[in-house]
Amino acid sequence: MSFASIVGHQQPIEILRRAIAEDRLATAYLFVGPPNVGKTLTAIEFARAVNCEERAPDLPPEQIDACDRCHNCVRIGQENHPDLLVVRPAVKVDVPVPGARAVSSAAEQAEDDGAEDEADRARERTGKRAVYIELPDALIQTGRVHEVVEYAYARCVAARRKFVVMVDADTMNEEAANRLLKTLEEPPADTTFVLTTAKPDHLLPTVISRCQVVRFHALPGTQVRAALEERFPAVGAELLDAATAMAGGRFGLARRLVESPELARLRAELLDLAAATADAHLAECLALGERLMALPEAWWAASEGGEASIATSDDERALITQALEELAKKSPDRINRIQMEQILDVLQTWYRDLLLLRGAASPDLVINVDR
């Protein structure tokens, strides 16, 4: 990957390239834009371009990019570099190691009390491994922000500059946000923070005031469709059209949907169900509602496969799969609520399109163009 490989977002990338060329990096950036639009990917590419070992001095801004070959570029791209820390809101799930005893009550009590270090030691004693699973309603815990602060003040190991990327920074609670604010007010000299958010109004105004705001916008559907066709030449037009429609201008989501075709099939089933209500009697609509209530489980199974597919090894994929199964068993109501929200989001686009078309709106405004 590189800046050149990112779909769209020329203006944000130009801002970052100019900052590198002029050696005027801000202490903190706030990337604002819709979810899955490319903010985190751009943050990683920003870190690579800054620390590329093959970047020549005095390059014009438009030529600044990662080389994709040097140690720093490769390791940062894998999120496996000592001078890069990526923090995402996630749920910690204890996955038992085969042959190990069940987790002790002491570990569970420590978790409830917020003593994460003691809980981690208890897991080690009982053969548990903590796996972090990203969920839409997860938070960035205060303990994670303490880790960020300690990391930020440590010396660089191999790069020119350390980077801390905090994904969905708006999910920090007030205590965590205030702890981060103190660091932004007295920042370490060789560390750049990149915070991403789709909800800037959920962040403390004082945190925003310490950041240079860079805005990202949804891409035109034609641009998303063309990029998908170029990167997935073997995928049929029907799936590409469905992924483009569901993504709503967010290429990261569109790519994920192409890689999880079952979600596209479920979306087709959902919209068929919505269309069937138009001429249905009340009793038939109630039966269709029962079908709707059965969709979250299938939606979770399809999303679960996508989560495991991003793993970098078979062992990691097995751990993620096991953690997802544990999470579904432990918190079924939470999982159903999350999946139902995503299903209702799809339905919302359907009825929005119907209202627009009834008002003779431009076809360019329609989201579900494939329908």
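Quick look at the numbers
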{"quantity": "Accessible solvent surface per residue of the chain, calculated while the other protein chains remain in place, 1.4 angstrom probe, Å²", "calculated": "52 Å²"}
{"quantity": "Accessible-area composition of segment 23-69, carbon plus sulfur, in percent [1.4 Å probe]", "calculated": "45 percent"}
{"quantity": "Mean Cβ count within 10 Å, highest first, over the residues of peptides 283-292, 87-96", "calculated": "87-96, 283-292"}
{"quantity": "Within the chain: Cβ-based charge dipole about Cα centre, in debye rounded to nearest 20 (Lys, Arg +1; Asp, Glu -1)", "calculated": "580 debye"}
{"quantity": "Under 5 Å, built H, 5+ apart or other chain: amide partners of ARG129", "calculated": "VAL95, VAL97"}
{"quantity": "Under the Karplus curve 6.51 cos²θ - 1.76 cosθ + 1.60, θ = phi - 60°, whole-Hz ³J(HN,Hα) for segment 328-337, x wherever Gly or Pro sits", "calculated": "5, 6, 7, 9, x, 5, 5, 5, 4, 5"}
{"quantity": "Extension gain (nm, one decimal) between HIS217 and ALA276, 0.36 nm per residue minus Cα-Cα", "calculated": "17.8 nm"}
{"quantity": "Rg [Å, one decimal], Dmax [Å, integer] - the chain, C-alpha atoms", "calculated": "22.4, 71"}
{"quantity": "Radius, Kirkwood style, for segment 227-361 when every pair of distinct Cα atoms is counted (Å)", "calculated": "16.5 Å"}
{"quantity": "Lysines whose Cα lies under 27 Å from that of LYS128, excluding same-chain neighbours fewer than 8 positions away", "calculated": "LYS92, LYS329, LYS330"}
{"quantity": "Given charges at Cβ of Lys, Arg, Asp, Glu: segment 217-305 dipole, positive-most of ALA276, LEU292, PRO261", "calculated": "PRO261"}
{"quantity": "ASP190/ALA318 FRET efficiency (R0 41 Å; Cβ-Cβ; nearest 0.05)", "calculated": "0.60"}
{"quantity": "For peptides 188-197, 315-324, sequence by mean Cβ density within 10 Å, most packed first", "calculated": "188-197, 315-324"}
{"quantity": "Mean Cβ count within 10 Å, highest first, over the residues of peptides 43-51, 172-180, 272-280, 255-263", "calculated": "43-51, 255-263, 172-180, 272-280"}
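The values are calculated or read from the model by the stated rules, or taken from the named source; none is laboratory data. Just so it is clear, the model here is predicted, and its values are computed rather than measured. Quick reminder, even Gly has a Cβ in these numbers, built from the backbone with ideal geometry, and neighbours come from all protein chains shown. Calculation scope for accessible area: heavy atoms of the full protein, side chains included, ligands and nucleic acids excluded. Shrake-Rupley method; radii C 1.70, N 1.55, O 1.52, S 1.80 Å.
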